[in-house]
1. Could you work out the helix-only [θ] at 222 nm for chain A, with each DSSP H run of four or more residues adding -39,500 (n - 2.57) and the total divided by the number of residues, to the nearest 500 deg cm²/dmol?
2. What number results when the radius of gyration of the stretch A:35-86, computed over Cα atoms, is divided by 2.2 N^0.38 Å?
3. Tell me which GluC sites (Glu not before Pro) from the stretch A:35-88 have a DSSP coil assignment and no more than 11 other beta carbons within 10 Å of their own.
4. Please express the shape of the stretch B:96-191 as an equivalent ellipsoid: the semi-axes are the square roots of 5 times the eigenvalues of the C-alpha gyration tensor, given largest first in whole angstrom.
5. Each residue of the stretch A:76-86 in turn: what ³J(HN,Hα) in whole Hz from Karplus with 6.51, -1.76, 1.60 and θ = phi - 60°, glycine and Pro shown as x?
6. All other residues with a Cβ under 13 Å from the Cβ of residue B:60 taken together, and with Lys, Arg as +1 and Asp, Glu as -1, what is their net charge?
7. How big is the Kirkwood radius of the stretch B:1-80, worked out from every pair of different alpha carbons and given in Å to one decimal?
8. Give the Cα extents of the stretch A:199-259 along the principal axes, in whole Å, largest first.
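Values in this text are rule-based calculations from the coordinates and carry no lab data. Every value quoted in this text rests on a predicted model; they were computed, and no experiment measured them. Ideal geometry is used to build each Cβ from the backbone, glycine not excepted, and the neighbour counts take in all protein chains shown.
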Amino acid sequence: MILILLCALVGLAPPTDVRAYDTPSDGGGEVVVEWRLSTDDETIDGYDIYRSENGADFVKVGFIGKNRSSYGDRTEDGVTYQYKVAVVSDTLRSFSQPSAEVASSASWINVAKLNIYVAMILFGGLILYFIYHARKGKKLFIRKIAGLQAIDDAVGRATEMGKPILYTLGLGYIEDIATIASLNILGEVAKKTAQYDTKLIVPNADPIVYTVAREIVKESYTKVGRPDAYDPDSVFFLAREQMAYAAGIDGIMTRERPATNFLVGYFAAESLVLAETGAATGAIQIAGTDALAQLPFFVTACDYTLIGEELYAASAYISKRPLLLGAIKGEDWAKVIIATALILASVIGLLSRFPILNLFQ
Amino acid sequence: MKKTIPLTLIFIAGLLGVISFVIPHPSYQVYDEWIRNDLLRVLSAFAVVLALGSLLRVHFDKIRRKRKNWQFSWLLLVAFGASAIIGLFGGVAADGILPTTIGSFPFDIQTLYENIVIPLASSMFALLAFFMASAAYRAFRVRSMEATLLLGAAFIVMIGVLPLGYSISQHLPGFVQWILNVPNVAGQRGIVFGIALGVVATSLKIILGIERAWLGGGE
């Protein structure tokens, strides 16, 4: 009572319009509390959030700083709650009216991602459309990718020099898409090394990636009719630790002096250590990664670099399978749509800057 | 059959992954968590055994054939064995059945990791400074139009972020910021768009069984 009187005396205005609702499109267990800021917001410390299960006994569940008008409260699904928000200024509190009753629940569909679903369907549809056309025999033009065209030369060079080819998959795990793309390229490279009878060295940083890589190389050798040429020790596990892996590969590069180094997959800080060592040994280097921060290092130290999407397109490009090329064509058209949308949005944004052309404001 | 089973499994796993993105309800997310965490962990455990077997086989073979620097393989095998025994019986932080101290000298796995592995990794990491210097020299050799542009932009940015840049022109730091914020970010975003679309396309190709290179290629 004394506090209320004090609040009244100092004129601390409580927040108004307190509204509590179940967080939409979530897995349940959260209620959002929103309110209209106190008119004294500039001078207060913040807001205390109180919760009650019976409409009477309100317990403090959180605090949020001033100039903030919402709070997410962890709740138990199915239990009905009411909320009050109190303005806090030193020891003074000024309470709002309680909110309406609310109970959290889990959603079955995440409506908040509707735009992503539309994009997924549109993009997926485009890819399937071009795959369908490719299946019907339509010839599809794909631009040349220098790094991938160089693979034949790189394998040929290694064969002529009688030196091995080093294929590094990077530090990525099997669920990383860059690692999967790299494994796809490894399959194609392994076929070529099998045909040319060139030694292939594939050190791995992850146990699962190692097992998959081993099977891919083995399968590729069998595919081209050279199962006898497959060396089970050519694909091996090296180290999980980032720098131990880098040191191990550097050792292989300096000892074995491979004629060609493939650095394809997910890389972190070790990218430059590997690429520079490879460059120092005089090997042709073909790199590819989707790690943006490492791309400049690869561009600098390697002969060819597959940048981002080129890494994913590589398997299709090398194998020339129409179905895979169809997917790339679909990808390209999706990019055209995105680029067009960006240009349109930029033009609209620019036009809205001119007062005389404020059609879009 | 050899191809059908993996392709079916991939299709189901991929579909479940996409569905988990759409359905946030815990009764479905529980299964998704189970696949992502528990199942993958069990697979990892099997794969670790295979991977360690591979590591040992390669080094035993190297010793047997007396290949170049084969002596270092002994070092690896001894370190491997010692770490395995200390880790298995001494516990991670001296909480196992085996004593992991001699007097006041601890040699439990945690201590070994912090005092051997981390300093060695840091030493390797420190080499980056020298590699950067040689890479910078390589990048700045004017061999093509792109290299010239790179050299020019790098020179301006380097001068611009120094106090010297401001004394040359008060507009230079602003121009450097513009290079970093506009052309640099524009280029990066272009790459990110390509990566995002490539990720979706690759995932779709694998889920639908169009991309089979991971099975060793073929139709």
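1. Numbers: 10 runs with 158 residues, N = 361.
My calculation for chain A gives -14500 deg cm²/dmol from helical runs alone.
2. On the way: Rg = 11.9 Å, N = 52, 2.2 N^0.38 = 9.9 Å.
The stretch A:35-86 yields a ratio of 1.21.
3. Working: sites: A:42, A:53, A:76; in loops: A:53, A:76.
Within the stretch A:35-88, the qualifying GluC sites (Glu not before Pro) (loop, at most 11 other Cβ atoms within 10 Å) are A:76.
4. On the way: eigenvalues 444, 55, 44 Å².
Here the semi-axes work out to 47, 17, 15 Å.
5. Per residue, the Karplus-derived 3J(HN,Hα) values read 9, 4, x, 8, 8, 10, 10, 10, 10, 10, 10 Hz.
6. On the way: positive: B:57, B:62, B:64, B:65, B:66, B:67; negative: A:233, B:61.
Taking every Cβ under 13 Å from that of residue B:60, the sum is +4.
7. On the way: mean 1/r = 0.0620 Å⁻¹.
By the Kirkwood definition, the hydrodynamic radius is 16.1 Å.
8. Here the spans come out as 37, 27, 13 Å, largest first.
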